[in-house]
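The values are calculated or read from the model by the stated rules, or taken from the named source; none is laboratory data. Remember, it's a predicted structure, so these values are computed and weren't measured experimentally. Reconstructed Cβ throughout: ideal geometry from the backbone, glycine too, with neighbour counts over all protein chains shown.
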Amino acid sequence: MNRVRFGRARIFVLALAISGCASPVPDRSETLEPMSPDSIPDAYARPSGALMAAGATRGYQVDEHGDLYDGEWKVVFTPTADGQPATPPRTIAALDRWRPVLQWVRRAGDVTWEFEAVAVPERAPRDTVLVVSLLVRARNTGNAPHRAELSVTLAPPDPDPVFVAWDARDNPRVALRWASGTARDTALAWCGESVAGATFKAATTLAPGAVFERRLLLPTYPTADHLLARNARISHARRVSEALQSANAALAGGTSFALPDSEVVSAMNAARLLLLACRERRGGAWVPIGNPFQYRDVWLRDGARVAHALAITGYGSVAREMMAGFIGYQWPNGAFLSQRGQLDGTGQALWAFEQVMLRGARPEELDPYIAAGQRAWRWIEWQRTAGRTSGTREGGSVQTLRFGTMLPFAEPRDGELVRAQLTGNDAWAIAGERALERLLRTRGRTASADSVARDRARYTDDFIAALARTGLDYVPPSWQGIGRDWGNLAVGWPCAVLPPGDPRLAATARRAWEQAGEIGLTVYGHRDSLHGYVGNDLATWALLTGWTAPADSMLDAMLHWRTASGTAAELFSRAGDFGRNLPPHPTAAAALLAQVRNRLIYDDVDTLRLTLGARRSWWQGSQVKGAPTWWGPIDLEFQHGKNQVTWRWSPVPVWTVLTLPPGTRLTSSPPAPLQGQGNRVLAPPGTREVAVSVGFID
Amino acid sequence: MIAIAAAVVWVSRREATRGMVVNPIDSLDAQTAFAQGGRFGTAGRHVESIPYFRRATVAGMGEQWEGRINLAAALINAALEVDSRLGKADPALRSSYERVQSVVEGMGEARQAMRVARDSRARAYTAYQDAQNLQAWGFPWDALAVAQVAQSLDPTWEPPRRLILELQRDLARGGVAP
């Protein structure tokens, strides 16, 4: 295979060879295998990719044209062959659909233009900046020579940009300048040579089979020329290798999920790397961001889910750093609120404290969160008292407020998309009080815990009474009955306000699924607007009732609706159009992680439940290692062999409920002290291994 | 020996101060800073007004109600300010984290304003502003309680009474329009 390089590039290869001697990192620069991103599926109507890193305050979006945009400027690529422009990319894929290296291909006749990009975070204190290392490779796949030309232009954003960086400069606008080796200036891009103006051009004639490469560096902020030149001393191949190793190390730092289901494992890998990347620092604390692009902001409703997902998949310390960030959202009145009118934030913050801090924090670490939680609890109960003791004068009598015992009206400008008293706010507040009670009991503060428990019990009774007053057989989005399904879908799980068997939860689910026209994924506002994660609460509730079909359907949908980099959008049409709501969405990733983890290990009650929703294929033999639970980290192995099912797990001081594989039944009573109950086996505290005989249900 | 030591001290002090950038706002007197903050605030540029009002309180208006209440208002309004960047309207402050921090600091400044208020109208105004802030962020019961305080501080002043009626009406209807 012939390789055509410009002189400067050859010098870099030489330097690489030397640096490679000292480093065991495999150098992929010598690997000229054609990239094949188009073999990786993408469920959406147009491709999109994200280059991001934890702590960085900007990321680069790779758009459907194959251009890059960081919220302040674009990098526009125009590759051609014999004057013919290359097609836009069909997919923008991560290696193996999860590794943090993006590849895409554009074609111009016989010439294939391959692109490979990786985000490289700068070292602290410049770690708010990341630099994209991008390799462009033209390959002549034909039998005749072709003229290959590459033009890369630094350009201002589109007139109606989907997102703009919070610190983008309007006046004066940033200078669209390429780095030059000797200049004492800042630049937006580096190509290894001096470029006059905003456009870098390179061209060559490619013989049949020949390859031509150029490497670019694209920082997310204007960066000094000399810093870019120094950055360029490390080859693209090494940057890729380091990113791959860093991703492997990040995954190794969490729970290990060894399942015989490569799609699920791949999706979980992508989801976990996304959650780890979608974080920004605020002083010593970290906050989870809603998206690297248009939702580069913080919502407690999303952040709580993200922190929970990280905590239950082995990233307790990362999640705890986020809880320190959550403290910054407490108002002087005690409530937690991130966005105007989103009163669910108080319950969500307390729930997150419980979910995160009780899985691995030292006891004394709980105290600041208990103190914050107690202020929040007093605010909640003050709201209820104000509502309960108020009334309206009608004629000569005073009427109490119809839903006065519930939190007041809110206008979240999101979710329920209505101004009313939202059932979800109350459900989360009740969950928050339950969380505070558990935190207090963990610290031995029984009297305070009992007080909170009494208020929670009254609140739950009031919730049920209010539900009866609506006259509806399901849980509506608001007490007034109006609004879109949102917080009401969380009443069964995770808020656990009503027991799983409550018929109103089943009716709520039925109603949501009828609107969607299918069981599992739900819609938002319109039958054609699929929502990527909100239905997962219903799916998990169904799992707890022993009904696995909705969870199976939801998981199938979450696995289907992935980009070629393994992440998901929030809202999209059935044709896969996500419009301006760009993926990746961390809450969708959190939902996937929570569901898979809960199917395997569920510890949200005073019982450990194993294989609650383990799919048939997982029973070929699965292993989970280092899963955080209320009772410390546990390992789990399970397998369905010939007529026998076995579980091995780290013993816990509570009963364990083991669910049989789908479609099987016990063929004999399990030996004492085990107890058989339908498709479940109950094991007493301290049990570490169970084997039972099973047969398939006819 | 003493001369050498003095020289070392002088050089090290010079080194320490070299590179320090002095914010020109920090050299403004209180009245000038206050006036400039007021110009920005009137133009709806609350984020830009904050350092000027902050300077005014540091430079002599810290014990004056006008100094504190305007800084409070600037901090609270900044959290709701929308800015146009590269053709797109977005919150002026970076994220909800900064917005909440700004409001909470503003509420603290309002407490300071209450402390130094010279008469009942100023105290009522301070409480009324707090009530409006709580209403805007979606705390109607809290807003009602504070609006009632505002009314009690100056029963002759109409705005708190109107706000109370509005909040009572909304709370009774669960926020739903008639």
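General observations
- Tally, over the stretch B:136-165, of residues that are within 8 Å of another protein chain (Cβ to nearest Cβ) and small (Gly, Ala, Ser): 3
- Qualifying residue in the stretch B:110-117 (condition: farther than 30 Å from A:Asp297 by Cα and not in a helix (DSSP H, G or I)): yes
- Every condition in (1) modelled with pLDDT of 95 or more; (2) at the interface with chain A (Cβ under 9 Å from one of its Cβ atoms) is met by B:Met61 except one, and the failing one is (2).
- Contacts under 6 angstrom Cβ, first residue in the stretch B:88-101 being within 16 Å of A:Trp286 (Cα to Cα), partner modelled with pLDDT of 95 or more and among the β-branched types (Val, Ile, Thr), 6 or more apart: B:Ser95/A:Val298; B:Ser96/A:Val298; B:Tyr97/A:Val287; B:Tyr97/A:Val298
- Some residue of the stretch A:355-372 being buried (at least 24 other Cβ atoms within 10 Å of the Cβ), small (Gly, Ala, Ser) and on the phi < 0 side of the Ramachandran plot: no
- Residues located in the stretch B:77-126, provided they are facing chain A (nearest Cβ under 8 Å) and aromatic (Phe, Trp, Tyr): B:Tyr97
- Condition check for A:Glu514 on (1) without any contact (Cβ under 8 Å) to a residue 12 or more places away in the chain; (2) over 30 Å from the mean Cα position of the chain (by Cα); (3) not in a loop (DSSP other than H, G, I, E, B): one failure, at (2).
- Qualifying residue in the stretch A:465-487 (condition: crowded, with 17+ Cβ neighbours inside 10 Å, on the phi > 0 side of the Ramachandran plot, of a type outside the set (Phe, Trp, Tyr) and within 14 Å of chain B (Cβ to nearest Cβ)): yes
- The test for being surrounded by fewer than 24 Cβ atoms within 10 Å (Cβ to Cβ) and in a helix (DSSP H, G or I) holds for A:Arg384.
- Scanning the stretch A:151-164 for residues that are touching a Lys or Arg at 6+ places or on another chain (Cβ under 6 Å), more than 7 Å from chain B (Cβ to nearest Cβ) and of a type in the set (A, V, I, L, M) turns up A:Ala155, A:Val162.
- Exclusive hit being of a type in the set (D, E, K, R), crowded, with 23+ Cβ neighbours inside 10 Å, in contact (Cβ under 8 Å) with a residue 24 or more places away in the chain and away from chain B (no Cβ under 14 Å), set A:Arg238, A:Arg233, A:Arg305: A:Arg305
- Filter result (within 14 Å of another protein chain (Cβ to nearest Cβ) and either closer than 21 Å to A:Pro477 by Cα or free of Cβ contacts under 8 Å to residues at least 40 places away in the same chain (or both)) within the stretch A:340-372: A:Arg340, A:Gly341, A:Gln342, A:Leu343, A:Asp344, A:Gly345, A:Thr346, A:Gln348, A:Ala349
- Leading residue by the ranking (surrounded by the most Cβ atoms within 10 Å (Cβ to Cβ)) among those in the stretch A:241-265 that are touching a Leu at 6+ places or on another chain (Cβ under 9 Å) and under 13 Å from A:Arg99 (Cα atoms): A:Ala247
- Taking the criterion of being within 17 Å of A:Arg609 (Cβ to Cβ) and either without any contact (Cβ under 8 Å) to a residue 24 or more places away in the chain or surrounded by fewer than 17 Cβ atoms within 10 Å (Cβ to Cβ) (or both), the residues of the stretch A:663-682 that qualify are A:Pro670, A:Leu674, A:Gln675, A:Gly676, A:Gln677, A:Gly678, A:Arg680.
- Which listed residue is within 13 Å of another protein chain (Cβ to nearest Cβ), among the basic types (Lys, Arg) and either assigned to a strand (DSSP E or B) or within 20 Å of B:Trp137 (Cα to Cα) (or both), from A:Arg402, A:Arg393: A:Arg393
- A:Ser133 fulfils the conditions (1) in a loop (DSSP other than H, G, I, E, B); (2) crowded, with 22+ Cβ neighbours inside 10 Å; (3) polar (S, T, N, Q) except for a single criterion, (1).
- Residue within the stretch A:165-177 that is away from every other protein chain (no Cβ under 14 Å) and surrounded by 15 or more Cβ atoms within 10 Å (Cβ to Cβ) present: yes
- Hey, A:Val287 touching a Ser or Thr at 6+ places or on another chain (Cβ under 6 Å), under 26 Å from B:Ala89 (Cβ atoms), β-branched (Val, Ile, Thr) and crowded, with 21+ Cβ neighbours inside 10 Å or not: no
- Scanning the stretch A:189-201 for residues that are touching a residue at least 24 places away in the same chain (Cβ under 8 Å) and either under 34 Å from the mean Cα position of the chain (by Cα) or surrounded by fewer than 21 Cβ atoms within 10 Å (Cβ to Cβ) (or both) yields A:Ala189, A:Trp190, A:Cys191, A:Glu193, A:Ala198, A:Thr199, A:Lys201.
- Restricting the stretch A:498-538 to residues that are touching a Gly at 6+ places or on another chain (Cβ under 8 Å) and hydroxyl-bearing (Ser, Thr, Tyr) leaves a set whose member that is surrounded by the most Cβ atoms within 10 Å (Cβ to Cβ) is A:Thr522.
- Identity of the residue in the stretch A:247-267, in a helix (DSSP H, G or I) and touching a residue at least 40 places away in the same chain (Cβ under 8 Å), that ends up farthest from A:Leu592 (Cα to Cα): A:Ala247
- Of all residues in the stretch B:123-177 being acidic (Asp, Glu) and surrounded by 18 or more Cβ atoms within 10 Å (Cβ to Cβ), the one that is farthest from A:Asp426 (Cα to Cα): B:Asp154
- Unique residue being among the hydrophobic types (A, V, I, L, M, F, W, C) and not in a loop (DSSP other than H, G, I, E, B) when the list is A:Ala614, A:Ala691: A:Ala691
- Annotation: A:Thr646 fulfils all but one of (1) under 18 Å from A:Ala614 (Cβ atoms); (2) hydroxyl-bearing (Ser, Thr, Tyr); (3) not in a strand (DSSP E or B); the unmet one is (3).
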